[in-house]
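This report concerns only the one structure given below.
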Amino acid sequence: MRDFFNDLLELFYPSLCVTCGRKLVTQEKYICLHCLHDLPRTGFHKDPGNKVAQLFWGRVPVEMATSWLYFRKGSRYQRLIHFLKYKGLHELGDEMGRLFGVDLRSSPFAAVDVVVPVPLHWQRLRERGYNQSERIAAGMAASLSLPLSTGNLVREKFTSTQTRKNRFERWQNVEGIFQVLKPEEFTGRHLLVVDDVVTTGSTLEAAVVALQEAGAARVSIATLACAEVG
Ligand SMILES: [Zn+2]
């Protein structure tokens, strides 16, 4: 997504809205109030049978699952996810996580024990410089006043891209990629696994399996966005 708008945004960041490019005023941070108001929120945390929860039915036991935003290809909010992931704007992840957490405050998601971001493999972490899921999880943990666990769930295998693979191939690709270094830290706890975007759910499924094998009592899932399907 290289275009004139992006070049301009990088030049003037953080004084322009990452979504519409409008000049931000003092109380606005990364995103203007207009775009913030119009965010394509799913409201899934109020619906236990939502589409993201359904994604895991028959695959792995998940206590609750939610995504904050719809990720529509071609929408102006696609830019926001893009900047989160590829532009090294880790403060944007913190801020989006914080806002997501605010929306979850009066929901059962606020009652989990520990927030656990999906880790990156160390090689990818070195390439990117930071883990966007960890930034989102940190923002959520802060606004929900919950502990954040990093470095205990680790990614052991460097995986190839998931697109162009069928469901079985995708599972083969991610099976066993996660490990828990100190299982005792997760034993008997209700964990909230956090990722940036959920599409097929294969990576999250593998993370849930690893956490359950480590002795977690319950595992729930929260992602910043979900690909819109159907
Ligand atoms: Zn805007």
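For the range 136-230, which chymotrypsin sites (Phe, Trp or Tyr not before Pro) are in a loop by DSSP, counting at most 14 other Cβ atoms within 10 Å?
Phe158
How far is helix 202-213 tilted off the main Cα axis of the chain, in degrees rounded to 10, range 0 to 90?
For helix 202-213, the angle is close to 40 degrees.
Restricting to the range 40-227, what percent of DSSP beta bridges are antiparallel, rounded to 5?
15
Roughly how compact is the range 171-230, stated as its Cα Rg over 2.2 N^0.38 Å to two decimals?
Computed over Cα atoms of the range 171-230, the ratio equals 1.17.
Mind checking the range 42-125 for trypsin sites (Lys or Arg not before Pro) that DSSP puts in a loop (not H, G, I, E or B) and that have at most 12 other Cβ atoms within 10 Å?
Filter output for the range 42-125: Lys73, Arg105.
Decide, for the range 129-230, between rounded, prolate and oblate: order the square roots of the alpha carbon gyration tensor eigenvalues as a ≥ b ≥ c, take rounded if a/c falls under 1.5, and otherwise choose prolate if a/b is larger than b/c, else oblate.
Oblate, since a/c reaches 1.5 and b/c is not below a/b.
From the helices alone, meaning DSSP H stretches of at least four residues, give me the mean residue ellipticity at 222 nm for the chain, per-run term -39500 (n - 2.57), in deg cm²/dmol to the nearest 500.
After summing the helix terms and dividing by residue count, I get -10500 deg cm²/dmol.
Return the sequence-ordered ³J(HN,Hα) values of the range 116-132 in whole Hz as given by the Karplus equation 6.51 cos²θ - 1.76 cosθ + 1.60 applied to θ = phi - 60°, using x for Gly and Pro.
10, x, 5, x, 9, 5, 4, 5, 5, 4, 5, 5, 7, x, 7, 9, 4
What list of ³J(HN,Hα) values in whole Hz, one per residue of the range 136-141 in order, does the Karplus curve 6.51 cos²θ - 1.76 cosθ + 1.60 (θ = phi - 60°) give from phi, with Gly and Pro shown as x?
Each residue of the range 136-141 in turn: 4, 4, 5, x, 5, 4 Hz.
Would you please state the base-10 log of I(q)/I(0) at q = 0.10, 0.11, 0.14 1/Å for the chain, with intensities from the Debye formula using one equal scatterer on every alpha carbon?
Debye intensities relative to I(0), on a log10 scale: -0.44, -0.54, -0.88.
Any idea how far the Cα center of the range 43-98 sits from the one of the range 117-137, in Å?
16
Give, in whole angstrom and from largest to smallest, the semi-axes √(5λ) of the equivalent ellipsoid of the range 66-184, with λ running over the eigenvalues of the Cα gyration tensor.
Gyration-tensor ellipsoid for the range 66-184: 23, 20, 15 Å.
From the backbone phi of the range 64-71, what are the Karplus-calculated ³J(HN,Hα) couplings (6.51 cos²θ - 1.76 cosθ + 1.60, θ = phi - 60°) in whole Hz, Gly and Pro given as x?
8, 9, 8, 10, 7, 10, 7, 9
Please identify every one of the chymotrypsin sites (Phe, Trp or Tyr not before Pro) in the range 32-103 that sits in a loop by DSSP and has no more than 11 other beta carbons within 10 Å of its own beta carbon.
Filter output for the range 32-103: Trp57.
Sequence gap at least 6, Cα distance under 8 Å: using those rules, report the relative contact order of the range 126-230 to the nearest whole percent.
Once divided by the residue count of the range 126-230, the mean separation gives 27 percent.
Quick note: the coordinates plus some simple rules give every number you see, no bench work behind them. For clarity, every value in this text was computed on a predicted model and none was experimentally measured. As a convention, Cβ positions derive from the backbone with ideal geometry for all residues, glycine included, and neighbour counts pool all protein chains shown.
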